[in-house]
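What follows is a short report on a single structure.
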Amino acid sequence: MDLIIERLSHSYDTVNVLSDITLQVPSGQIMCVVGPSGCGKSTLLRMIGGLERPSAGHVLQGGDVPPDCLNPLTFVFQDFALLPWRSVAGNIGLVLEDHPLDAAARAARVADVLARTGLSDFAKALPRQLSGGMKQRVAIARALAVNPAVMLMDEPLSALDAQTRELLIDDLVGLWMRAPFTAVYVTHNLAEAVRLGHQIVVLSRRPGRVREVMHLRIPLDQRTLADPVLQAAQERLWALMRDEALAADQELADA
Amino acid sequence: MHNPPPAPVPFRGGGFRPQRLRGVGVAVFVVLILVIEWGTRAGWISNLTLPRPSDVVATLVQLWKSGLFLQHVVPSLTRLAVGSAMGVLAGVAVGVMIGLFSLARAGLVPLVAALFPIPKIALLPLFVIWFGIDEGSKYALIALGTFTPTVVATFGAVDNVDRTLVRMGQSFGLKWWSIVRKIVLPGALPGILSGLRISLSIGIILLVAAEMLGAQYGIGAYILEAGSLYDLERLFAGVVILSSLGVVVSWLIALLEKRLLVWRS
Ligand SMILES: Nc1ncnc2c1ncn2[C@@H]1O[C@H](COP(=O)(O)OP(=O)(O)O)[C@@H](O)[C@H]1O
Ligand SMILES: [Mg+2]
């Protein structure tokens, strides 16, 4: 499924958060969104996912939804959003329970995504028994269980330490290589952006505007930390963001 | 110039963390009772001030043997169970509504705030007129007394449910009722259960008060009768039964918490 974001603007009361955003996410590609904190990345993502209404402009979805897709636009949250009173399998089952699937089909879907994310041995564990990286794997498995058309990921790795982040990036690349999915991936980490993005959108500080859209054509599984092309891309992104980030950092919250 | 010799870094952490000490609570009880027993035997506590603990025990044994124990305790337990079941169920329902609907919140929170501080026992004469002198007025009194604290605890607990979990439910297209049943209610359960502790203690207090004002059988009636005869042994026997009731209720809730809240770290 493709996403088209047209002339989208948003303000909260008097605060102008997003201004005139026009973007396209082609099917089967990952779009990374970077920008200084407070520039409206999460707000943009919530609007794409239909959790909030923009003040102006709209988000269009085009093309076909994959067969047996239960929830076309599916979020992965920064803080995992797992129910602490449900086991790993229960958390994944939760999002299937409102759909007309019989028990066997439901169990098969849960087992399938647990296997794909390497969680099969943890099906009965409670979230409090898991490390941060494992919790986010569960959240990713839950998102995959509904067979989404587009994954909307809001800083999914920001709550994790650097080593776990590397492992999960590899996991995401692996998942994408086996079955390419469409995603909007918000991050403030430029290394993540150049590892995962087919296109990288740089937003300015509030009100967020599109400053630049960078395209990277290297296949995801061939991207390494040391790749000079990616290094150059990351440096260029940082050059674009540096002044914005500095200015955003010095803004007063309620000025 | 010479340097002082190396000394260990002084420890300054620790504390501020209550430990679980087994047996201390029981020891306090035992010591207190032994001191009173000793005092009443030695004579420096007159037996008009406090009864001798061994006599109270003898009274309890006597009460059990005569069959009067069950005759008093069973009606009391029934009243407590029926009244607080009505109050707690209604309280959870209203509390959840206040937590979920702005209209219910705007309309009912002031009403609950107005009901909360009324000493419910003052309303007993009114309840007698409305519900009759028998069990009805006692149920109503206990129900109203447990209702208000349950409402307050429940809507506070619903307010404290992590909103990101609710957004998660919405983002996966869960139905409204699924979100309430599978996310809001379990998330509010810890708060509801700690509210239940307070509600049931209030329930016990009101139970006794209601029984004192008009009942033939019941722990309250037993205590009132003993009191009016200045029969301190029987009065204290009744008090011991009440304390044990409180301890049992609190233990039951702890058991419930242990069962239902294993997921908490
Ligand atoms: N519900 C809201 N009401 C008012 N202001 C909000 C709300 N949500 C976000 N904002 C404001 O909008 C701006 C953008 O927020 P957000 O999208 O979370 O930024 P980012 O994710 O890029 O850090 C911030 O200044 C924030 O304070
Ligand atoms: Mg954000």
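Within the stretch A:32-41, can you find the residues that are within 8 Å of ligand 1 (Cβ to nearest atom) and either farther than 19 Å from A:V194 by Cα or part of a strand (DSSP E or B) (or both)?
Narrowing the stretch A:32-41 to residues within 8 Å of ligand 1 (Cβ to nearest atom): A:35-41.
If the condition is that a residue be within 8 Å of ligand 1 (Cβ to nearest atom) and either farther than 19 Å from A:V194 by Cα or part of a strand (DSSP E or B) (or both), then A:G38, A:C39, A:G40 are the ones that fit.
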Residue within the stretch A:228-238 that is within 16 Å of ligand 2 (Cβ to nearest atom) and crowded, with 20+ Cβ neighbours inside 10 Å present:
no
The lone condition A:A141 fails out of (1) of a type outside the set (D, E); (2) surrounded by fewer than 17 Cβ atoms within 10 Å (Cβ to Cβ); (3) at pLDDT 90 or above is (2)
Filter pass, A:L114 being surrounded by 19 or more Cβ atoms within 10 Å (Cβ to Cβ), facing chain B (nearest Cβ under 9 Å), touching a residue at least 24 places away in the same chain (Cβ under 8 Å) and closer than 23 Å to A:Q163 by Cα
no
Matching residues in the stretch B:33-77 - criterion: being under 24 Å from the mean Cα position of the chain (by Cα) and surrounded by fewer than 14 Cβ atoms within 10 Å (Cβ to Cβ)
B:L70, B:V74
Selection from the stretch A:86-116 of residues acidic (D, E), outside any helix (DSSP H, G or I) and more than 18 Å from B:V180 (Cα to Cα) yields A:D102
For A:L216, indicate whether it is in contact with a helix residue (DSSP H, G or I) (Cβ under 8 Å, 6 or more places away or on another chain), in contact (Cβ under 8 Å) with a residue 24 or more places away in the chain and either surrounded by 17 or more Cβ atoms within 10 Å (Cβ to Cβ) or not hydroxyl-bearing (S, T, Y) (or both).
no
Just one of the numbered conditions (1) within 14 Å of ligand 1 (Cβ to nearest atom); (2) free of Cβ contacts under 8 Å to residues at least 40 places away in the same chain is not true of A:P228; which one?
(1)
Any residue in the stretch B:96-107 that is of a type in the set (F, W, Y) and either touching a Cys at 6+ places or on another chain (Cβ under 9 Å) or within 21 Å of B:L242 (Cβ to Cβ) (or both)?
no
Check every one of the helices (runs of 4 or more DSSP H) wholly within the stretch B:178-265 and list those with 1 or more residues that are among the charged types (D, E, K, R) and free of Cβ contacts under 8 Å to residues at least 40 places away in the same chain.
B:219-228, B:232-260
Of (1) away from ligand 2 (no atom under 11 Å from the Cβ); (2) modelled with pLDDT of 95 or more, A:P67 satisfies every one except (2)
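Results for (1) within 16 Å of ligand 2 (Cβ to nearest atom); (2) closer than 26 Å to B:L189 by Cβ; (3) free of Cβ contacts under 8 Å to residues at least 40 places away in the same chain; (4) of a type in the set (G, A, S), shown as yes or no for each residue.
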position	(1), (2), (3), (4)
A:G63	no, no, no, yes
A:A81	yes, yes, no, yes
A:V88	no, yes, no, no
A:A107	no, no, yes, yes
A:R128	no, yes, no, no
Looking only at the stretch A:42-60, decide whether some residue is in contact with an Asp or Glu (Cβ under 7 Å, 6 or more places away or on another chain), more than 14 Å from every other protein chain (Cβ to nearest Cβ), more than 9 Å from ligand 1 (Cβ to nearest atom) and not in a strand (DSSP E or B).
no
Matching option when the condition is away from chain B (no Cβ under 14 Å) and surrounded by fewer than 18 Cβ atoms within 10 Å (Cβ to Cβ), among A:V65, A:V15, A:V25, A:V33:
A:V15
Starting from residues that are crowded, with 19+ Cβ neighbours inside 10 Å and within 12 Å of chain B (Cβ to nearest Cβ), keep the ones in the stretch A:118-137 and report whichever is farthest from the chain's Cα centre (by Cα).
A:L126
Of the residues in the stretch B:5-58, those that are within 22 Å of B:D231 (Cβ to Cβ) and either part of a loop (DSSP other than H, G, I, E, B) or among the basic types (K, R) (or both) number 10
With in the same structural domain as A:W176 (by TED's automatic domain parsing), modelled with pLDDT under 95 and more than 16 Å from ligand 2 (Cβ to nearest atom) as the only criterion, which of A:S37, A:S42, A:S19 stands out?
A:S19
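The values are calculated or read from the model by the stated rules, or taken from the named source; none is laboratory data. These figures come from a predicted structure and were not determined experimentally. When we count neighbours, we look across all protein chains shown, and the Cβ atoms used for this are built from the backbone with ideal geometry, even at glycine.
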